[in-house]
1. Within the stretch 92-106, count every residue that is over 17 Å from V53 (Cα atoms) and either surrounded by 15 or more Cβ atoms within 10 Å (Cβ to Cβ) or modelled with pLDDT under 95 (or both).
2. Taking the stretch 48-85 only, how many residues are under 22 Å from V31 (Cα atoms), open to solvent by less than 50 Å² (accessible area, probe 1.4 Å) and not small (G, A, S)?
3. Looking at the structure I just gave you, is V45 in a strand (DSSP E or B), of a type in the set (V, I, T), in contact (Cβ under 8 Å) with a residue 12 or more places away in the chain and surrounded by 10 or more Cβ atoms within 10 Å (Cβ to Cβ)?
Amino acid sequence: MAPAVTAGEAADRPRSTVTVEIQTYDPALGVGTWWDDDTVLRAEVWESPEQTVVISGNPAGLVSLARHLLSLAQEAVPDGRHFDFDTYCGWLEEGSAAIRIEVEKR
């Protein structure tokens, strides 16, 4: 794992712009998004040395997860809107822990 970076150190590091296309929130349709075709994503809970949620995946899976997060982060998305991910949805690998990601605007 990479060492932690302070705010001052982060400002000194090179940066890149990454473009991720998302669907604009529409109150009539709700929050919409999609997964890339070759997505692989896993979610595990490690109990030791302390309870840790581990999300891992291939690049397509991580970009797709970022798209979901950015979709919820839109200013117009109301408080409490969420995505539920589980193995039944087909995007998390078998044996993964279920995940709920929810926007909190308080």
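1. 3
2. Adding up the residues that qualify gives 9.
3. On the way: in a strand (DSSP E or B): yes; of a type in the set (V, I, T): yes; in contact (Cβ under 8 Å) with a residue 12 or more places away in the chain: yes; surrounded by 10 or more Cβ atoms within 10 Å (Cβ to Cβ): yes.
So V45 passes the test.
The values are calculated or read from the model by the stated rules, or taken from the named source; none is laboratory data. Just so it is clear, the structure is predicted and the values come from calculations on it, not from any experiment. No Cβ is skipped: glycine too gets one built from the backbone with ideal geometry, and neighbour counts run over all protein chains shown. Just so you know, the surface numbers come from the protein's heavy atoms only, side chains and all, with ligands and any DNA or RNA stripped out. Shrake-Rupley method; radii C 1.70, N 1.55, O 1.52, S 1.80 Å.
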